Amino acid sequence: MMYQIGDKVVYPLHGAGWVEAIENREVAGRSRSYYVLNLPFNDLRVMVPQEEAEKIGLRDLMPPEATNKVLQILEGRQPEAEMSQTVRKLNLEKWNNRFRLQMSRIKNGNVFELAEIVHGLTLRDRAKQLSGGERKIFEQAREILFSELWLISNDSQPETADRIKNILSMAN
């Protein structure tokens, strides 16, 4: 997919933002066209080669109607039948296997899987404090998801943060 300046996008490992510019650069003797992304939540500017954008998972923001399903997942109101097999498997895995599975789910960029990670780690943290590695995954997944919900909502960052914090505090 080709993006234009101003398009809102999600970079799977860093969160949501917009295409700030499209620039041609020569790197290692090769001229390439790059998307310059502004990711305001993490105060980052990232350059992504246009030809590799799809491969790394650059995608449009979720459609606004998907927001309700994401919020249901965060609240724990997702029907058991819809819970992914990976989530069920995560509950049985040892920490190092959970870490690898969760990182691969973050990298794939699927917003519903991201919400499942945030919800699952919220519950795990309540039951037993997260390890350092799981805490890092939790914070990364939460920030990526938060940045996308923030850009979709048109609310301020604090308003969106408070909304998500309240949802997670009541999650079951």
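Using a Förster distance of 25 angstrom, determine the FRET efficiency expected from the C-beta separation of Ile5 and Leu71, and round it to 0.05.
According to the calculation, E is roughly 0.25.
If contacts are Cα pairs under 8 angstrom and at least 6 residues apart, what is the relative contact order of the chain in percent?
23 percent
At a Förster radius of 30 Å, what calculated FRET efficiency corresponds to the Cβ-Cβ distance of Lys165 and Glu54, to the nearest 0.05?
Using R0 = 30 Å, I get an efficiency of 0.35.
What net charge is computed for the residues neighbouring Ala141, neighbours being all others with C-beta under 12 Å from the C-beta of Ala141, Lys and Arg scored +1, Asp and Glu -1?
Surrounding charge for Ala141 is -1.
Are there DSSP H segments in the chain that both extend 15 Å or more along their axis (alpha-carbon positions) and score a mean Kyte-Doolittle hydropathy of at least -0.5? List them, or say none.
Membrane-span-like by this criterion, though nothing is claimed about a membrane: 111-127, 132-153.
Distance from the Cα centre of the range 111-160 to that of the range 1-20, in angstrom?
Spelled out, the Cα-based centre of one part sits 20 Å from the other.
Where in the range 26-65 does the amide nitrogen come within less than 19 Å of the point 7 Å from the Cα of Lys136, taken along Cα to Cβ?
42
Provide Rg and Dmax in Å for the chain, with only Cα atoms included in the calculation.
Cα-based Rg and Dmax for the chain come out at 17.0, 54 Å.
Quick one: among Arg32, Arg124, Arg45, which has the greatest mean-square fluctuation in a GNM of the chain with alpha-carbon springs under 10 angstrom?
With Cα springs under 10 Å in the chain, the top fluctuation among Arg32, Arg124, Arg45 is at Arg32.
Taking the chain as a Gaussian network, Cα atoms linked when under 10 Å apart, which of Val46, Val27, Val19 shows the biggest mean-square fluctuation?
Per the Cα network of the chain with a 10 Å cutoff, Val27 tops the list.
Rule-based calculations on the coordinates, nothing more; no lab input. Remember, it's a predicted structure, so these values are computed and weren't measured experimentally. No Cβ is skipped: glycine too gets one built from the backbone with ideal geometry, and neighbour counts run over all protein chains shown.
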